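The values are calculated or read from the model by the stated rules, or taken from the named source; none is laboratory data. Please read these numbers as outputs of a predicted model, since none were measured by experiment. Methodologically, a virtual Cβ is constructed for each residue, glycine included, from the backbone with ideal geometry; neighbour enumeration extends over all protein chains shown.
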């Protein structure tokens, strides 16, 4: 009897540090797992969740009422391909919609992921305010998931330096 395929889910966004995907690929390789690279379109909401973790969605803007299967950004897929081409890991993409923590949790359930990997946010006043009120995706996942959540720092700072939200 063969064992079911293992998976590692990684949240991907254009412009994030390549280290997030590279570290997730290292975990997937070590666990002999496939890597599922998931992008969440936050300007749309889920209408139907499909068994493989992909979704059909509608835009929040009522003037754009087309329902569609989410499509993974070809430029982001090409970038992932360049990062993962030399790595010994099977990988796939999922285009999701809605709340990032909920969407990543859903796809992790659908593929029975061993873990979810996300990157820290690059700090900006707007993102800091959004995280203050809504919490970070990593924190929401850490409190709502039954599987491990691994957070990869995108812009680490020295232990001697203040964190971006701390007074200097």
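Does segment 28-69 hold any residues that are part of a loop (DSSP other than H, G, I, E, B) and either in contact with a helix residue (DSSP H, G or I) (Cβ under 7 Å, 6 or more places away or on another chain) or modelled with pLDDT of 75 or more (or both), and which are they? Outline the logic, then answer.
Within segment 28-69, the subset part of a loop (DSSP other than H, G, I, E, B) is 31-33, 42-43, 50-54, 60-67.
Answer for segment 28-69, where residues must be part of a loop (DSSP other than H, G, I, E, B) and either in contact with a helix residue (DSSP H, G or I) (Cβ under 7 Å, 6 or more places away or on another chain) or modelled with pLDDT of 75 or more (or both): 31, 32, 33, 42, 43, 50, 51, 52, 53, 54, 60.
Going through 138, 142 one at a time, which residue ends up being under 21 Å from residue 14 (Cα atoms), modelled with pLDDT of 70 or more, surrounded by 12 or more Cβ atoms within 10 Å (Cβ to Cβ) and touching a strand residue (DSSP E or B) at 6+ places or on another chain (Cβ under 7 Å)? Before you say what the answer is, go through the steps one by one.
On the way: 142 fails: under 21 Å from residue 14 (Cα atoms).
So the residue among 138, 142 that is under 21 Å from residue 14 (Cα atoms), modelled with pLDDT of 70 or more, surrounded by 12 or more Cβ atoms within 10 Å (Cβ to Cβ) and touching a strand residue (DSSP E or B) at 6+ places or on another chain (Cβ under 7 Å) is 138.
Yes/no per residue for (1) buried (at least 24 other Cβ atoms within 10 Å of the Cβ); (2) in contact (Cβ under 8 Å) with a residue 12 or more places away in the chain; (3) under 13 Å from the mean Cα position of the chain (by Cα):
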{"site": "13", "(1), (2), (3)": "no, yes, yes"}
{"site": "27", "(1), (2), (3)": "no, yes, no"}
{"site": "33", "(1), (2), (3)": "no, yes, no"}
{"site": "38", "(1), (2), (3)": "yes, yes, yes"}
{"site": "46", "(1), (2), (3)": "no, yes, no"}
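Give the residue that is nearest to residue 22 (Cα to Cα), with candidates limited to residues of segment 70-80 that are under 16 Å from the mean Cα position of the chain (by Cα) and either at pLDDT 75 or above or outside any loop (DSSP other than H, G, I, E, B) (or both). Walk me through how you get there before you give the answer.
Restricting attention to segment 70-80, the residues satisfying the condition of being under 16 Å from the mean Cα position of the chain (by Cα) are 70-73, 76-77, 79-80.
Keeping just the survivors that are either at pLDDT 75 or above or outside any loop (DSSP other than H, G, I, E, B) (or both) gives 71-73, 76-77, 79-80.
Details: 71: 23, 72: 19, 73: 19, 76: 14, 77: 14, 79: 12, 80: 9 Å.
So the residue we want is 80.
Which of (1) at pLDDT 90 or above; (2) not in a helix (DSSP H, G or I) is the odd one out, the single condition residue 106 does not satisfy?
Condition (2) is where residue 106 drops out.
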